[in-house]
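Engineer: Sharing a structure below in structure tokens format, with a few things to ask.
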Number of protein chains: 4
Amino acid sequence: MGSGFGQLFRVTTFGESHGGGLGAVIEGCPPGVVLDLDAIQRELDRRRPGQSALVSARKESDRVEILSGVFEGRTLGTAIGLMVRNTDADASAYAPFKDKFRPSHADFTTETKYGLRNWAGGGRASARETVARVAAGAIAKQVLKAQFGIEVQAWVQSVGEITAEIDPLTVTLEAVEANPMRCPDPEVAAAMEARVRAVRKAGDTIGGVIQAVAIGVPVGLGAPVVDKLEADLAKAMMSLPASKGFEVGSGFAGATMIGSAHNDVFVPGREPGEVRTATNHSGGIQGGISNGMPITMRVAFKPIATIFMEQDTVDSQGRSTTIKPKGRHDPCVVPRAVPIVEAMAALVLLDHALRHRGQCG
Amino acid sequence: MGSGFGQLFRVTTFGESHGGGLGAVIEGCPPGVVLDLDAIQRELDRRRPGQSALVSARKESDRVEILSGVFEGRTLGTAIGLMVRNTDADASAYAPFKDKFRPSHADFTTETKYGLRNWAGGGRASARETVARVAAGAIAKQVLKAQFGIEVQAWVQSVGEITAEIDPLTVTLEAVEANPMRCPDPEVAAAMEARVRAVRKAGDTIGGVIQAVAIGVPVGLGAPVVDKLEADLAKAMMSLPASKGFEVGSGFAGATMIGSAHNDVFVPGREPGEVRTATNHSGGIQGGISNGMPITMRVAFKPIATIFMEQDTVDSQGRSTTIKPKGRHDPCVVPRAVPIVEAMAALVLLDHALRHRGQCG
Amino acid sequence: MGSGFGQLFRVTTFGESHGGGLGAVIEGCPPGVVLDLDAIQRELDRRRPGQSALVSARKESDRVEILSGVFEGRTLGTAIGLMVRNTDADASAYAPFKDKFRPSHADFTTETKYGLRNWAGGGRASARETVARVAAGAIAKQVLKAQFGIEVQAWVQSVGEITAEIDPLTVTLEAVEANPMRCPDPEVAAAMEARVRAVRKAGDTIGGVIQAVAIGVPVGLGAPVVDKLEADLAKAMMSLPASKGFEVGSGFAGATMIGSAHNDVFVPGREPGEVRTATNHSGGIQGGISNGMPITMRVAFKPIATIFMEQDTVDSQGRSTTIKPKGRHDPCVVPRAVPIVEAMAALVLLDHALRHRGQCG
Amino acid sequence: MGSGFGQLFRVTTFGESHGGGLGAVIEGCPPGVVLDLDAIQRELDRRRPGQSALVSARKESDRVEILSGVFEGRTLGTAIGLMVRNTDADASAYAPFKDKFRPSHADFTTETKYGLRNWAGGGRASARETVARVAAGAIAKQVLKAQFGIEVQAWVQSVGEITAEIDPLTVTLEAVEANPMRCPDPEVAAAMEARVRAVRKAGDTIGGVIQAVAIGVPVGLGAPVVDKLEADLAKAMMSLPASKGFEVGSGFAGATMIGSAHNDVFVPGREPGEVRTATNHSGGIQGGISNGMPITMRVAFKPIATIFMEQDTVDSQGRSTTIKPKGRHDPCVVPRAVPIVEAMAALVLLDHALRHRGQCG
């Protein structure tokens, strides 16, 4: 209740930023899929702190241990248990503030809801929780590719006001990973990097937008009512720490358009019987169901709340006070959030691929 | 699987735009709540076609019949069954196109996924399905108000490029209902109405944005990981027909900000022990859990796909053809979507209110 | 929450014994299945009151109306809404007892849990609720047969101490339906019938046992841990009114055996590569997963609580009083419960068949 | 999907008998509950192999590690992750049979369903999986006692044909734990022990029955339709390895009774307004909802399938062969299953207690 995601391919996570470790149980994984364990680790490495000067200096190797569900390199079809230890948790940076609520953090809401909280770090609301999602998503990616030919790619589209225009159809993993900003336009990436460095120097943080595309999605994934494909993608992305907005296809810009400009007319595809759309304002989803075109989406992330400046706040008795946080934090969440967005998209797509196969054969 | 929403307060809908009728089963409703049946009907009347010259001319009285779960005017706590008959379904407008796929509609994806479809209307993907959600949401609203003091209000913020600036804290139902656009700024509403009339005259349609606020939400609803309050709101809104984007609080604008500008510092509230934030970029949710401030959100709706113009498309064999739809359709979805957005927000909030009461007492 | 059953093929019911009607929403039905609507009605007729002198005299035609999800005789794959009206509800028999709790009925627990109840009849706990399950199960049966070759048959094994020994492998629907007791051994059926008539004459009721078998179940349905096939069958059967016990395969008798007698050794089957077991103490399920042998189970039903005798009880203030119920009730539940048990078995098997297809392809 | 149990208090397990370890994620635990970690370990010790000469000699300390969700000795309300390492896994006993299917084991069904299996031990279907359930159940027990005053106790009622008559109202943990059979009647326990020793000496195994009672359950837990309290208990118990039958209250014996003997008449209780029943054939549940009386149930366990005798079977190509298993196995499952039955009952009761609190306040 609250930490699980998916119906047929279901991931349930546990773990806090400061504690024994984090992990996940994956239920419903198709059996017999050869898993590349190095590829799982590579995804965790993309998410891991300390990978560049642009991100948190916390030193976590984030080695994943698979405890069950994989045998002689293949998925068993039964529950996969996986775990990542916390090795560089440092509660001392948090102890001075254990009775104060950091602005725009989860401290106040967590403590009021539950009556107590693990004040060392952000607890369950910490972005560190996503390590378990990335590991599960890395498995989902391999199953998606092996059984359905689906691939997911995300990248940084904007940092603050600096925006790149990237063609979702030609973007590559190599281009995304070519710089620490994970923006496949090297010039814009350099500008973003300069902006992040300046913000970090000022003790501040900055927001950004991640764009993602899923290629190779067959027609038919999703459902026409509540479990629309875009609805589950929206839930997936808005369940990430710091996300404030989600768009599919034309998104908010679509709300400014007229129908004759927005409609995606159907045209015959290259293969006999194949159908395509001339444009893709729908973002690859119509009536809640994938239409075979690339699925395109965007996720907005606010600036991380931990700024190294003195701010007004209240203490646990509700009295006015000030706080100046310490600790190791990212000045901008989006570079590390790229693999996280990909992981969440993969979880949604695999779940719906299995649901479709179950219902429709 | 696919038509149900919520965990403790769960709504499962059925029904197509052209068929015997639509309805819902509501599980988990708190018992003993006095239901104002007229108020439920009023919500349906707000959503109903034919209510003004700006919306579809289909004539549906949308009278709701409650078949179970309510006894002598009060909720029994057991499953509520409710139904609305289709009385003005007219398949004849669709018959000429039964073998063609209307652009940006669900026809193609539905038929490809399932191998067949109810070609009379949009089937389950039709906006008519939301009649069941509005009825369920109307019950949720009454429970929310009676047991938790929570109220939800939505309104039209923009149509095309025409945008109103509305203060979420002072908006009233009366102001929203004062004009058929459901935009509480009468001057902007008039401009919107002119725009919609012009679009309709051209046989075209136009998109828009709905804004919503929830007032009186106590601190503590939501969860820190997957079932974040904003994640469930996002799923709720993105499960609506024609929605393309969702924002909470600062939304996409937040992605352009720096942390020192975005953070909502805590200040003591008016009551002893009460805590508020000086700003509300968080939109009333922090770490996935409500913080007691108004919950603010926006939903983008694309222009409705049914335009009365000839368009390219393909037929069910994938051959090029053209289509010029007929039927009774809205030129702009947002006026009628206002009560729908409110209903979905109410479903999410009540579900989380019950979940919180269950877990935390 | 509480009225839904199944994961991929999910049925959610509504309705009380005395109210507007009863019905169900079926989610996840495979598309394109040709439905025999008469066959659905026949299942309802098997469950319906008034069908013989051995059952309740309540006159309900139990005509099912399908409101959505079926188009031109085939399943659409989208939510099926179905409804049965109550036409012979008679609250007057209950009015004298509205402030008294009928012994071993749900009156006391319902009123204490919820603070109120629909005192006309048994509300949601009434066996009348199962009309919706039988309708849904009738659809599941048709899908099971069409897509998976699976068939389910139940029959009355015992009434009181009178027991029939029936071979699950040779029992037929015709033999079961050949007498109103639904016991395929005509001599034992006659003895049962005499027993039921005597009990009814005395104003009393009597319990019984239903046995069921599923034939044609392929190897592989189920799951090894929580969602074991027998666990979901147990939940299905124990969710029926008046059921007190469930067994699969050897059942309680198996608890008295030694392993060398209980083990089902594997033997090659008739087809190349086919595997069978020499005995079937496992009841067709091993490690939570079907093994290809017939799935055998038994369900115990207590005597119906409504006896036409004066009994001690308490009123809604907890004061001692007496009650002598009136109304139209069955002297023995098992003849009418036969199609209900079949329906529940079909729901479980179809859900697991779809889940298996989804996960394992 | 398949390894999770519960709605509000939800437990999802992972792990195989031979692999890195086993564990569980617990979602929805009430916050602020002081956890006695030693009491959790004591429950694991009751389930652990090697505790007496009557059970498997496998040496597992079964030390539980709690990775998240508990802080300074109290539950956080967020996901609890817990893990038990496998330390004495010995695949060598299984290697000779990796291509043969042990009779009445899960080998054949698992391999056919998934196409492969972890042949070292029983994989997910192994009774070792229950270590995670016992750990989670031990937490549930503590929450049940602290917040709801509910206690659960199970004991061995029979082994083979040897049966004890135990009064569920006076049985104590001390009496149950006084002998390794966990039968609170010492004379019957001695006879059971002799029987088990004889069976073991013969290389055979024997079945048995566990009885359980829940005391202090308030009126109102459960639901009237699908999620009847006895239905969820049935699923819980029938999801245990080797269980073949479940009864609540009068069980199968109730099916032989007449209503006038079976009905539990209501009588005023000792406290003003309190209501009791004079008898308890209902087993503490009426209409799916607890009635305040002790909840009584029985679970039948077949003899464990691993017997140290040569048996016919087939190999993975379906060819006839023989098998004579080795390994460390229990001659009778019921002594170790006592804490497992208690754990499952506690999981069901806590989930329903939270659900009731959520819905009904």
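The values are calculated or read from the model by the stated rules, or taken from the named source; none is laboratory data. Computed from a predicted model, the values in this text were never measured in an experiment. Note: ideal-geometry Cβ built from the backbone for every residue, glycine included; neighbour counts use all protein chains shown. The accessibility values were calculated without ligands, DNA or RNA, using every heavy atom of the protein model including side chains. Shrake-Rupley method; radii C 1.70, N 1.55, O 1.52, S 1.80 Å.
Engineer: Exactly one condition in (1) under 30 Å from D:His262 (Cα atoms); (2) open to solvent by 10 Å² or more (accessible area, probe 1.4 Å); (3) charged (D, E, K, R) is not met by C:Glu60; state its number.
Structural biologist: (2)
Engineer: Looking for something of a type in the set (Asp, Glu) and within 20 Å of D:Leu350 (Cβ to Cβ) - is there at least one such residue anywhere in the stretch D:40-51? Spell out how you get there, then give the answer.
Structural biologist: Filtering the stretch D:40-51 for residues of a type in the set (Asp, Glu) gives D:43, D:45.
Filter once more, so that each one left must be within 20 Å of D:Leu350 (Cβ to Cβ): D:43.
Yes: the stretch D:40-51 contains one or more residues that are of a type in the set (Asp, Glu) and within 20 Å of D:Leu350 (Cβ to Cβ).
Engineer: Filter the stretch D:196-231 for residues that are hydrophobic (A, V, I, L, M, F, W, C), within 11 Å of another protein chain (Cβ to nearest Cβ) and in contact with a Lys or Arg (Cβ under 9 Å, 6 or more places away or on another chain) and give the result.
Structural biologist: Passing the criteria: D:Ile206, D:Val209, D:Ile210, D:Val219, D:Leu221, D:Ala223, D:Val225, D:Val226, D:Ala231.
Engineer: Among the residues of the stretch D:31-66, write down those that are over 19 Å from the mean Cα position of the chain (by Cα) and part of a helix (DSSP H, G or I).
Structural biologist: Across the stretch D:31-66, the qualifying residues are D:Leu37, D:Asp38.
Engineer: Taking the residues in the stretch D:232-249 that are in contact with a Lys or Arg (Cβ under 7 Å, 6 or more places away or on another chain) and over 30 Å from B:Glu27 (Cα atoms) as candidates, determine which candidate is surrounded by the most Cβ atoms within 10 Å (Cβ to Cβ).
Structural biologist: By that ranking, first place goes to D:Lys244.
Engineer: Conditions: (1) free of Cβ contacts under 8 Å to residues at least 40 places away in the same chain; (2) among the aliphatic types (A, V, I, L, M); (3) within 14 Å of another protein chain (Cβ to nearest Cβ). A:Ala189 meets all but one. Number of the miss?
Structural biologist: (3)
Engineer: Next up: Return the total of residues in the stretch A:90-140 being among the charged types (D, E, K, R), in contact (Cβ under 8 Å) with a residue 24 or more places away in the chain and under 21 Å from A:Phe5 (Cβ atoms). Walk me through how you get there before you give the answer.
Structural biologist: Going residue by residue through the stretch A:90-140, those that are among the charged types (D, E, K, R) are A:90, A:98-100, A:102, A:107, A:111, A:113, A:117, A:124, A:128-129, A:133.
Retained after the next criterion (residues that are in contact (Cβ under 8 Å) with a residue 24 or more places away in the chain): A:90, A:99-100, A:102, A:111, A:124, A:128-129, A:133.
Cutting the leftovers down to under 21 Å from A:Phe5 (Cβ atoms) gives us A:124, A:128-129, A:133.
Number satisfying all stated conditions: 4.
Engineer: Looking at B:Pro294, B:Pro272, B:Pro303, B:Pro241, which is the one that is under 16 Å from A:Ala255 (Cα atoms) and more than 7 Å from chain A (Cβ to nearest Cβ)? Break it down stepwise before answering.
Structural biologist: Details: B:Pro294 fails: under 16 Å from A:Ala255 (Cα atoms); B:Pro272 fails: under 16 Å from A:Ala255 (Cα atoms); B:Pro303 fails: more than 7 Å from chain A (Cβ to nearest Cβ).
Going through B:Pro294, B:Pro272, B:Pro303, B:Pro241 in turn, the sole match is B:Pro241.
Engineer: Quick one: would you say C:Asp312 is open to solvent by less than 20 Å² (accessible area, probe 1.4 Å) and at pLDDT 95 or above? Reasoning before the result, please.
Structural biologist: Working: open to solvent by less than 20 Å² (accessible area, probe 1.4 Å): no; at pLDDT 95 or above: yes.
Taking the combined requirement at face value, the residue does not satisfy it.
Engineer: Within the stretch A:159-186, track down each residue that is of a type outside the set (A, V, I, L, M, F, W, C), at negative phi, touching a residue at least 60 places away in the same chain (Cβ under 8 Å) and out of contact with any Leu (no Cβ under 9 Å at 6 or more places or on another chain). Steps first, please.
Structural biologist: First, the residues of the stretch A:159-186 that are of a type outside the set (A, V, I, L, M, F, W, C): A:160-161, A:163, A:165, A:167-168, A:170, A:172, A:174, A:177, A:179-180, A:182, A:184-186.
Narrowing the set further to residues that are at negative phi leaves A:161, A:163, A:165, A:167-168, A:170, A:172, A:174, A:177, A:179-180, A:184-186.
Filter once more, so that each one left must be touching a residue at least 60 places away in the same chain (Cβ under 8 Å): A:168, A:177, A:180.
Within the stretch A:159-186, A:Pro168, A:Glu177 meet the criteria.
Engineer: Filter the stretch B:67-84 down to the residues that are more than 23 Å from the chain's Cα centre (by Cα) and among the aliphatic types (A, V, I, L, M), then identify the one that is most open to solvent (accessible area, probe 1.4 Å).
Structural biologist: Narrowing the stretch B:67-84 to residues more than 23 Å from the chain's Cα centre (by Cα): B:67-78.
Then drop every residue that is not among the aliphatic types (A, V, I, L, M), which leaves B:67, B:70, B:76.
Working: B:Leu67: 6, B:Val70: 35, B:Leu76: 8 Å².
Within the stretch B:67-84, the match that is most open to solvent (accessible area, probe 1.4 Å) is B:Val70.
Engineer: How many residues, within the stretch A:11-48, are crowded, with 24+ Cβ neighbours inside 10 Å, of a type outside the set (A, V, I, L, M, F, W, C) and in contact with a strand residue (DSSP E or B) (Cβ under 7 Å, 6 or more places away or on another chain)?
Structural biologist: Qualifying residue count for the region: 8.
Engineer: To continue, here is another question. Checking C:Arg270 against (1) open to solvent by 50 Å² or more (accessible area, probe 1.4 Å); (2) in contact with a helix residue (DSSP H, G or I) (Cβ under 7 Å, 6 or more places away or on another chain), only one condition comes out false. Which one?
Structural biologist: Failing condition for C:Arg270: (2).
Engineer: All but one of (1) at pLDDT 95 or above; (2) part of a loop (DSSP other than H, G, I, E, B); (3) open to solvent by 10 Å² or more (accessible area, probe 1.4 Å) hold for C:Val217; which doesn't?
Structural biologist: Against the list (1) at pLDDT 95 or above; (2) part of a loop (DSSP other than H, G, I, E, B); (3) open to solvent by 10 Å² or more (accessible area, probe 1.4 Å), C:Val217 comes up short only on (3).
Engineer: Testing C:Thr87 on (1) crowded, with 24+ Cβ neighbours inside 10 Å; (2) assigned to a loop (DSSP other than H, G, I, E, B); (3) without any contact (Cβ under 8 Å) to a residue 60 or more places away in the chain; (4) polar (S, T, N, Q), one condition comes back false. Which one is that?
Structural biologist: Checking C:Thr87 against (1) crowded, with 24+ Cβ neighbours inside 10 Å; (2) assigned to a loop (DSSP other than H, G, I, E, B); (3) without any contact (Cβ under 8 Å) to a residue 60 or more places away in the chain; (4) polar (S, T, N, Q), the one that fails is (1).
Engineer: Mind checking which residues of the stretch C:146-191 are within 15 Å of C:Val55 (Cα to Cα) and in contact with a Gly (Cβ under 8 Å, 6 or more places away or on another chain)?
Structural biologist: If the condition is that a residue be within 15 Å of C:Val55 (Cα to Cα) and in contact with a Gly (Cβ under 8 Å, 6 or more places away or on another chain), then C:Val156, C:Val159 are the ones that fit.
The rows are residues; the columns are (1) open to solvent by 20 Å² or more (accessible area, probe 1.4 Å); (2) out of contact with any strand residue (DSSP E or B) (no Cβ under 8 Å at 6 or more places or on another chain); (3) more than 23 Å from B:Ala346 (Cβ to Cβ); (4) assigned to a loop (DSSP other than H, G, I, E, B).
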residue: B:Pro96; (1), (2), (3), (4): yes, yes, yes, no
residue: B:Pro103; (1), (2), (3), (4): no, no, yes, yes
residue: B:Lys113; (1), (2), (3), (4): no, no, yes, no
residue: B:Ala120; (1), (2), (3), (4): no, yes, yes, yes
residue: B:Ala135; (1), (2), (3), (4): no, no, no, no
residue: B:Val156; (1), (2), (3), (4): no, no, no, no
residue: B:Thr170; (1), (2), (3), (4): yes, yes, no, yes
residue: B:Arg182; (1), (2), (3), (4): no, no, no, yes
residue: B:Ala191; (1), (2), (3), (4): yes, no, yes, no
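Engineer: When you scan the stretch A:58-72, do you find a residue that is more than 30 Å from B:Val265 (Cα to Cα), more than 14 Å from chain B (Cβ to nearest Cβ) and without any contact (Cβ under 8 Å) to a residue 12 or more places away in the chain, even just one?
Structural biologist: Yes - at least one qualifying residue is present in the stretch A:58-72.
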